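Peer 1: Take a look at the following structure, please.
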Amino acid sequence: MFVVMAVGATEEQLNAVRGAVLEEGLTPHENRGGARLVVAVLGEGGAWVERLADRLSVLPGVESVTKSSRPFKLTSREFHPDDTVVRVGDIAIGDGSLTIAAGPCAIESRDQLFETAEAVRAAGANLLRGGAFKPRTSPYSFQGLGLQGLRFLAEARERTGLPVVTEVMEPGQVEHVAEYADILQIGARNMQNYSLLMAVGRIGRPVLLKRGLAGTIEEWLMAAEYVMSSGNPNVILCERGIRTFETAYRNTLDVTSVPLIHQMTHLPIVIDPSHAAGKRWLVPSLALAGTAAGADGLLIEVHPRPAEALSDGDQSLTPAQFADLAVAVRGVAEQVRAIHATRGPAMTAGSRA
Ligand code: PEP
Ligand code: MN
C-alpha cells in the first residue's frame, strides 16, 4: 500500500500515519521525492489492508492511499517516482550517462589485473570489474584467487583510480568483500539466494544484482526488493542474458528488459553483453543494442590475452577491441540522449523522464 502525503503535510500529520501503520504491526518505509512524501506499507495482503486503508485515507495530510496490486513495492515507480542514481565516488549510475565497467572475468594474477586495469582506464572505462570468488559450473574449474584477488583489486583501484566491482557468493563473506569492493556483485546463480540478498541489504555498499539464468523480470525485481527492504536503496540491475531454447550462443540477451525496467522501476539497469554472447565477436553488437535501448551502463569482460584466460576467454575482448567498442557505445549513448531530448522518452526509455 502506498500513502501519498499532500504537499505541505506536517510532521504531526506524518506521525499519525506512521503511528497507524505501526499499530498494525507493520513498518512504514518512506521516500521523499520532490515535494511529495510517499509512505510504503509492506506486508502480505490480508484483512489489515482494507482496515488500514480506510483509516489512513481520512487522516489529515493524506492525499491518496493506493493498494498496490504488484508484488514489488520499494523497487516500483509508485513508491519512488524519480530515477535512483547510484553514486560511487565521482561516478553516477542512472543519471542518464553511460557507465562502463570493464575488466577480466577472474583476477588471475597481479600482472594480469594491472595490465587490464590500465588498459580499460586508458580506453575510458569508469569502473574496474574482476572476480575473486568465482561461481564456476564445474568444481574442477579455476575458482578464483579469493582474498589474494581482493587485495590485488584494491591495489588496482589505487593505481588507476577506478572504483571496483566484484562478486560476493556467500552471506558470511559480505562484510569482508565489502572492505575491498566499491560495488558488490550478486551473480546470476545467486539471484534468489535470499540470505545473501538480505546480507548485502544490510551493508552500505551499492549492489549490482544480476538477473538469474531463468529469472523472470518479476522474480528479479523481488530479489531487488529483498535488498531494498533490508535497508540498502542502492541497487543496480544487470541483464546478462537468460537461458532460452537457443543454443547457437551462450544466453539470450533480453534487450526488452531495459525499457521495461525503466518503466516499472526507478532502479538503473546495465547490460552485460559478455555473458549473454559467450563469443567475443558477438559482444559489440549486443553492447550497442543495449546502449541504444537506453541502458545506464555496460559490464564487459576484457583480458590482455583471451586465449590464456582461466575463465570466459572466449567472450573476453582484447584491450584494443574494448577501446574500439568504448568509442562506439559512447557515440550511440550520445545519439540516444539527443533523440530522447528532441523526440521524447517514448522513443527510447519507457516512461522514465
Ligand atoms: C561474471 O560476471 O563473471 C559472472 C560469473 O557472471 P554471471 O553471474 O552473470 O554468470
Ligand atoms: Mn565471466
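Peer 1: Treating cross-link reach as a plain straight distance, find the aspartates and glutamates whose alpha-carbon is under 19 Å from the alpha-carbon of Lys67, omitting any fewer than eight places away in the same chain.
Peer 2: Glu23, Glu24, Glu30, Glu44, Glu50, Asp54, Glu78, Glu218, Glu225
Peer 1: Can I ask one more? Over the Cα atoms of segment 280-320, what Rg and Dmax result, in angstrom?
Peer 2: For segment 280-320, the Cα radius of gyration and maximum Cα-Cα distance read 11.3, 34 Å.
Peer 1: So for the chain: antiparallel DSSP bridges make up what percent, rounded to the nearest 5?
Peer 2: Given both bridge residues lie in the chain, the antiparallel proportion sits at roughly 40 percent.
Peer 1: Now for a different question. Between Ala122 and Ser195, what length in nm is gained on full extension when 0.36 nm per residue of separation is reduced by their alpha carbon distance?
Peer 2: Extra length from Ala122 to Ser195 when fully extended: 22.5 nm.
Peer 1: Quick one: if the Förster radius is 56 Å, what FRET efficiency do Arg51 and Glu246 give, using the C-beta to C-beta distance and rounding to 0.05?
Peer 2: In this case the efficiency is close to 0.70.
Peer 1: Once label points are set 7 Å from the Cα along Cα→Cβ at both Ala320 and Ala338, what is their separation, rounded to one decimal in nm?
Peer 2: 3.0 nm
Peer 1: Taking R0 as 25 Å, what FRET efficiency do you get between Glu24 and Arg202 from their Cβ-Cβ distance, rounded to the nearest 0.05?
Peer 2: E between Glu24 and Arg202, to the nearest 0.05, is 0.55.
Peer 1: Along the charge dipole of segment 2-66, pointing to its positive end and built from +1/-1 on Cβ of Lys, Arg, Asp and Glu, which listed residue (Leu26, Ala6, Ala47) has its Cα farthest out?
Peer 2: Result: Ala6.
Peer 1: By a straight-distance test (C-alpha under 19 Å), which aspartates and glutamates pair with Lys279 as possible cross-link partners, with residues fewer than eight away in the same chain excluded?
Peer 2: The qualifying aspartates and glutamates are Glu239, Glu246, Asp254, Glu301, Glu308, Asp312, Asp314, Asp324.
Peer 1: As a test of the formula, what do you get for the chain when each DSSP H run with n ≥ 4 contributes -39,500 (n - 2.57) and the sum is divided by the residue count, at 222 nm and rounded to the nearest 500 deg cm²/dmol?
Peer 2: Using -39500 (n - 2.57) per qualifying helix, the result is -11000 deg cm²/dmol.
Peer 1: Let me ask something else about it. What full-extension length gain, to one decimal in nm, is calculated for Glu78 and Gln148 as 0.36 nm per residue of separation minus the Cα-Cα distance?
Peer 2: 20.9 nm
Peer 1: Can you order the peptides 209-215, 27-33, 134-140 by their average number of other Cβ atoms within 10 Å per residue, highest first?
Peer 2: Result, highest mean Cβ count within 10 Å first: 209-215, 27-33, 134-140.
Peer 1: For the chain, with the dipole built from +1 on Lys and Arg beta-carbon atoms and -1 on Asp and Glu ones, taken about the Cα centre, which of Val164, Pro306, Gly146 lies farthest toward the positive end?
Peer 2: So the residue furthest toward the plus end is Pro306.
Peer 1: On full extension of the chain, what length is gained from Trp281 through Ala6, given 0.36 nm per residue of separation minus the C-alpha to C-alpha distance?
Peer 2: 93.6 nm
Peer 1: To continue, here is another question. Using the Kirkwood radius over C-alpha pairs as Rh, can you work out the diffusion coefficient of the chain via Stokes-Einstein at 37 °C, viscosity 0.692 mPa s, in µm² per second?
Peer 2: 156 µm²/s
Values quoted throughout were computed directly from the atomic coordinates according to the rules given, and no laboratory measurement underlies them. All values derive from a computational prediction rather than experimental measurement. Cβ sites come from the backbone with ideal geometry, for glycine too, and all protein chains shown count toward neighbours.
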